[in-house]
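Visitor: I have a structure I would like to understand better, so I am pasting it below and will then ask my questions one at a time.
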């Protein structure tokens, strides 16, 4: 039997970064808030701040690796508790938590590490959790053509726990289900049961 492999596709959406301008802007921002950058411990803070945000907002490129589903595996593939960190687009404060990502395979299966890479790809930009959840699910549906996709994200938003309402310990749960995982009640129940999200 001849196996045809689709060459991996590099996923790379790197925005242009100007760290010098970001550092200058951070210095102006902190000074405008009354922070004296002449103290030795604060002198390098604008640069550290610029590099930290650049890291939070830049996903690593990766090769999309899929393989033929030669055995015809037709049960749920689920990666649970993928660490997630993103930045709320409204306040530029982090939100952190976990993503549970699963799919019902079609003709191809995905390298498991790529489920975490897809989450990172969409998390490393200014985001809202609802959009992030849907972007991960939609991307997998388009790129993998599975029979179903499910994504659940549970996260703590620092813009809600550190400021404003200060709802310490509050978490937000969002989900997107596509295909069989949306349309079939038993498949949907199995997905939610395995993720631990009820």
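Visitor: Could you tell me the center-to-center distance, by alpha carbons, between the stretch 143-165 and the stretch 50-98 in angstrom?
Guide: Here the answer is 11 Å between Cα centres.
Visitor: So, one more: For the chain, what does the relative contact order come out to in percent, with C-alpha contacts under 8 Å and a separation of six or more? All intermediate terms of the calculation are to be shown ahead of the outcome.
Guide: On the way: 344 pairs, mean separation 35.6, N = 198.
Relative contact order of the chain: 18 percent.
Visitor: Based solely on its DSSP helices, what 222 nm [θ] is calculated for the chain when runs of n ≥ 4 H residues each add -39,500 (n - 2.57) and the sum is averaged over all residues, nearest 500 deg cm²/dmol? Before the final figure, lay out each step's value.
Guide: Numbers: 7 runs with 72 residues, N = 198.
Dividing the helical sum by the residues of the chain leaves -11000 deg cm²/dmol.
Visitor: Across the chain, how large is the tail of the calculated P(r) beyond 24 Å, expressed as a percent of all Cα pairs?
Guide: Details: 9647 of 19503 pairs.
More than 24 Å apart: 49 percent of the Cα pairs in the chain.
Visitor: Order by neighbour count: 128, 101, fewest other Cβ atoms within 10 Å first, most last.
Guide: Values: 128 14, 101 25.
With the sparsest Cβ surroundings first, the list reads 128, 101.
Visitor: Assuming R0 = 22 Å, can you tell me the calculated FRET efficiency for the pair residue 171 and residue 77, based on Cβ-Cβ distance, to the nearest 0.05? Don't skip to the end; give the middle numbers.
Guide: Numbers: r = 25 Å, r/R0 = 1.14.
Efficiency, from the Cβ-Cβ distance: 0.30.
Visitor: Against the longest alpha carbon principal axis of the chain, how many degrees, from 0 to 90 and to the nearest 10, is the axis of helix 129-144 turned?
Guide: 40
Visitor: How would 103, 53 line up from fewest to most surrounding beta-carbon atoms within 10 angstrom?
Guide: Values: 103 28, 53 16.
Going from least to most buried by this count: 53, 103.
Visitor: Using only Cα atoms, what is the ratio of the radius of gyration of the stretch 91-163 to 2.2 N^0.38 Å?
Guide: Details: Rg = 13.4 Å, N = 73, 2.2 N^0.38 = 11.2 Å.
Cα-based Rg divided by the globular estimate yields 1.19.
Visitor: What ranking of 134, 114 emerges when the number of other C-beta atoms within 10 Å of each C-beta is taken as an exposure proxy, fewest first?
Guide: 134, 114
All of the numbers you see were taken from the coordinates with simple rules; none came from a lab. Computed from a predicted model, the values in this text were never measured in an experiment. Heads up, the Cβs are rebuilt from the backbone with ideal geometry, glycines too, and the neighbour counts pull from every protein chain shown.
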